[in-house]
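Enquirer: Attaching a single structure in structure tokens format; questions to follow.
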Amino acid sequence: MVLLTLSEQVGDELERRYRYAEDWASGYMHMLRVNSLAETIDKHLKSKSLALDVGCGGGVYTILLAANKHLAIGIDISRKSVQATQTGLTLRDSGIVRV
């Protein structure tokens, strides 16, 4: 049985909270970038434009383009990334995910 001292317990809790804060900040910054892109799309693309997302990854931008009524094509070298994009689009279309 391992007994932690109070200082070790507090240190572990502080580290856990720090990691949580880092993750939250990273997610928030990503959301700001996505919102900035959405504004740029609305400003510069005509409705129902064709948009190609090269290296689409998990499809965040492909889904955003599709949500803004554009014909969005996402391509990626990773089959899993393309599948994640397809899943995201399916969830968005079903109303489970809102963009």
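The values are calculated or read from the model by the stated rules, or taken from the named source; none is laboratory data. This is a predicted model, so every value here is computed, not measured. Here Cβ is always computed from backbone atoms with ideal geometry, including for glycine, and neighbour counts include all displayed protein chains.
Enquirer: Taking the options 69, 43, 80, name whichever one is among the basic types (Lys, Arg) and at positive phi.
Expert: Working: 43 fails: at positive phi; 80 fails: at positive phi.
It is 69.
Enquirer: Kindly list, by first and then second residue, each pair from a residue in region 36-57 that is free of Cβ contacts under 8 Å to residues at least 24 places away in the same chain and closer than 20 Å to residue 85 by Cβ to a residue that is aromatic (Phe, Trp, Tyr) and not in a loop (DSSP other than H, G, I, E, B), limited to pairs with Cβ atoms under 7 Å and residues at least 6 apart or on different chains.
Expert: 53/61
Enquirer: Follow-up. Within region 33-69, can you find the residues that are surrounded by fewer than 16 Cβ atoms within 10 Å (Cβ to Cβ), in a helix (DSSP H, G or I) and not polar (S, T, N, Q)?
Expert: Of everything in region 33-69, those that are surrounded by fewer than 16 Cβ atoms within 10 Å (Cβ to Cβ), in a helix (DSSP H, G or I) and not polar (S, T, N, Q) turn out to be 33, 34, 37, 39, 42, 43, 44.
Enquirer: Which residue out of 73, 96, 41 is at pLDDT 85 or above and out of contact with any helix residue (DSSP H, G or I) (no Cβ under 6 Å at 6 or more places or on another chain)? Outline the logic, then answer.
Expert: Numbers: 96 fails: at pLDDT 85 or above; 41 fails: at pLDDT 85 or above.
Every option except 73 fails the conditions.
Enquirer: Can you pull out every residue in region 26-38 that is of a type in the set (Gly, Ala, Ser) and modelled with pLDDT under 75? Write out each step before concluding.
Expert: Of the residues in region 26-38, the ones of a type in the set (Gly, Ala, Ser) are 26-27, 36, 38.
Once the filter is applied, which keeps residues that are of a type in the set (Gly, Ala, Ser) and modelled with pLDDT under 75, region 26-38 yields 26, 27.
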